[in-house]
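Here, each number is a calculation from the coordinates, and none is a lab measurement. The structure presented is a predicted model; accordingly, all values stated were derived computationally and were not measured. Cβ atoms come from the backbone with ideal geometry, glycine included; neighbour counts cover every protein chain shown.
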């Protein structure tokens, strides 16, 4: 009889704590299984101004060195497409890349571009790595880049390209003026 009472008491304790334990496990499951890309991908149009998602126009470089303009679109899935009128941009050579969030307003982005000579012959690739910080309104960003050149076989060329500053402004749809 004493054994039956002990088993009943243990069962009652398990029934009391089981819902609490199950709730804790459930909350932990959902807290840790939200995909990181979904957290980074909630776009500007969805009310998150502190994201790269969208299209940007950038001034790259600083005088007295070369300066140029770049356009880049960052996608919700962490991809990017870039084009510019800078040195070595060449015809039909967009930059294709990826980006990740590293902090509340901080990001890393990398893109690759194929390089061609004036006759259209493949000369190698260019890799641009950037650290980006968005302002508190989400409509501008600043940062610096590192550029590496590669030969057609994929070997990094021993050319030192100085890090360049850049400043971007978010592009927004504009009303027609007529």
Scaled by the rule-of-thumb 2.2 N^0.38 Å, the alpha carbon Rg for segment 80-146 gives a ratio of 1.29
Order of 101, 127, 156 under a 10 Å beta carbon neighbour criterion, fewest first: 156, 127, 101
To the nearest 0.05, how large is the calculated FRET efficiency for residue 140 and residue 96 if R₀ is 30 Å and r is the Cβ-Cβ distance? 0.80
With 10 angstrom as the radius, rank 178, 112 by how many other C-beta atoms surround their C-beta, starting from the fewest. 178, 112
Volume per residue that the Cα convex hull of segment 44-170 spans, once the total is divided by residue count, Å³: 107 Å³
Likely footprinting exposure, 72, 174, 140, fewest C-beta neighbours within 10 Å first: 174, 140, 72
